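Rule-based calculations on the coordinates, nothing more; no lab input. The structure displayed is predicted, hence computed values, not measured ones. Positions of Cβ are backbone-derived with ideal geometry, glycine not excepted, and every protein chain shown enters the neighbour counts.
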Amino acid sequence: MSTKITPRDLSNYEPLNSLNAESLREICNKLNISEINKGDNIFLKGDAKADHIFLHEGTIDLVENGKVIKTLQAGTADTRTALAHIIPRNFTAVATSKAVVFTVDSDLLDMMLTWDQTGSFQVEELNTEQNDDWMSRILNTESFRRIPPGNIQAIFTSLEDINVKPGDMIIKQGDPGDYFYIIKSGRCMVTRKMPGQDKDIKLAELDAGASFGEEALISDAERNASIVMLTNGVLSRLSKEQFLSLLNDPMLDMVGFDAAKEKVASGEAEWLDVRLPNEYQSAHIKGATHLPLIFLRMKIDTLNHDKNYILYCDTGRRSSSASYILNERGFNTSVLKDGLKGVELSELEGNDIIAD
């Protein structure tokens, strides 16, 4: 495919434009770009695949029951946001010219939005070193995607730094798992001894920002490789017990939509949407108050300690982080389980909602 999309291109779309440069680069590397012929469907009404689809070139019609509701052209204000990102989609999109669309995995995007909107506060509060590139990198690694956002601060306060030098054996193949490691500085080599062979096989070299050691901790198995330092450096580590406990969700009150709706209707609770402004404007629960996670700490005084807030986002990830922050400050909060994924279309309002 000849179409190329760069991180700079992505910065023209919302909420992608709220991500830092490193996150944009990672998103860019994982895009699915499609060329759509005139007359072809981009998606159908009822499509439940949880992807953010953006129009990059061309024009499309949004169709409801055979009637064109709206025509969208790439490069205009209407196409800065994802097309029909509320799932299931409540209309069909048809290309009226040759078009190019790109798709972003919604879960990956939501995770990166969470890291970007919470990680910077935690880094500042922990008074870490000025060079925090390793921290930004580790937050985007596969291992840390398993850890609930509310536990990230607990992780960084629990890390133990150790100084290492060339030749130090950090992990030995066959030993029981004891620590999870993050390379803060330096470089190491991963090797494995294969049956019937005298020499270890080199598998990889790891540098600052890489992590290792979680497999043996999660599976309670022996180490399946050895890791030796190649340079001087600093490793941060968590004990097996700490690592496993931080894989668990923080103490959050998760509530389903029906129960939450009853609480709001009775006056016992209030909806609080913690997504970005453009996401809220596209679609939100009727009657919800809006306070983006990224501004939560700055505007926390605008919230009422006497209210029970039911927080939500697209998936529950950002609202869990917001709940953790508010609970630490004495607020009474609940988190809508699965976020907007579990909310009927009739309960929503916004620019992207087209009623049946």
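Which residues in the stretch 273-299 have a backbone N closer than 15 Å to a point placed 7 Å from the Cα of residue 69 along the Cα-to-Cβ line?
Flagged as within label range: 282-284.
What label, among (i) 21.0, 63; (ii) 23.3, 72; (iii) 19.3, 57, belongs to Rg and Dmax of the Cα atoms in Å computed from the structure on display?
(ii)
Please state the charge dipole magnitude for the stretch 254-349, taken about the Cα centre, from unit charges on C-beta atoms (+1 on K and R, -1 on D and E), reported in debye and rounded to the nearest 20.
With only Lys, Arg, Asp and Glu charged at Cβ, the dipole is about 320 debye.
Assuming a viscosity of 1.306 mPa s and a temperature of 10 °C, what translational diffusion coefficient in µm² per second does Stokes-Einstein assign to the stretch 149-299, Rh being the Kirkwood radius over Cα pairs?
Result for D is 83 µm²/s.
Rounded to the nearest 500, what is the chain's calculated 222 nm mean residue ellipticity when only DSSP H runs of at least 4 contribute -39500 (n - 2.57) each, over all residues?
-7000 deg cm²/dmol
Can you give me the distance in nm between label points at residue 254 and residue 33, each placed 7 Å from the Cα along the Cα-to-Cβ direction?
For residue 254 paired with residue 33, the spin-label model returns 3.8 nm.
Given a Förster radius of 30 Å and the C-beta distance between residue 221 and residue 328 as r, what FRET efficiency does 1/(1 + (r/R0)^6) yield to the nearest 0.05? Walk me through the intermediate numbers first.
Numbers: r = 36 Å, r/R0 = 1.18.
The formula returns an efficiency of 0.25 here.
Full-extension gain between residue 268 and residue 307, please, as 0.36 nm times their residue separation minus the C-alpha to C-alpha distance.
Additional length available on full extension: 13.3 nm.
Need one word for the stretch 254-349: rounded, prolate or oblate. Basis is the Cα gyration tensor (sqrt eigenvalues a ≥ b ≥ c); a/c below 1.5 gives rounded, then a/b vs b/c decides.
Because a/c hits 1.5 or more and a/b fails to exceed b/c, the stretch 254-349 counts as oblate.
How would you classify the stretch 285-331 from its alpha-carbon gyration tensor, with a ≥ b ≥ c the square roots of the eigenvalues: rounded for a/c under 1.5, else prolate if a/b is greater than b/c, otherwise oblate?
rounded
Once you have the Cα-Cα distance between residue 298 and residue 48, take 0.36 nm times their residue separation minus that, and quote the gain in nm to one decimal.
Residue separation times 0.36 nm, minus the Cα-Cα distance, leaves 86.4 nm.
Highest GNM mean-square fluctuation, the chain, Cα pairs closer than 10 Å: which of 92, 231, 79?
Residue with maximal mean-square fluctuation among 92, 231, 79: 231.
Under Stokes-Einstein, with the Kirkwood radius over Cα pairs standing in for Rh, what whole-number D in µm²/s applies to the stretch 7-105 at 37 °C and 0.692 mPa s?
After rounding, the answer is 240 µm²/s.
If you take the beta carbon distance between residue 96 and residue 241 as r and set R0 to 51 Å, what does 1/(1 + (r/R0)^6) give as a FRET efficiency, to the nearest 0.05?
Efficiency at R0 = 51 Å is approximately 0.30.
Find the relative contact order for the chain and round it to a whole percent, using C-alpha pairs within less than 8 Å whose residues are 6+ positions apart.
Working: 703 pairs, mean separation 52.1, N = 356.
So the answer I get is 15 percent.
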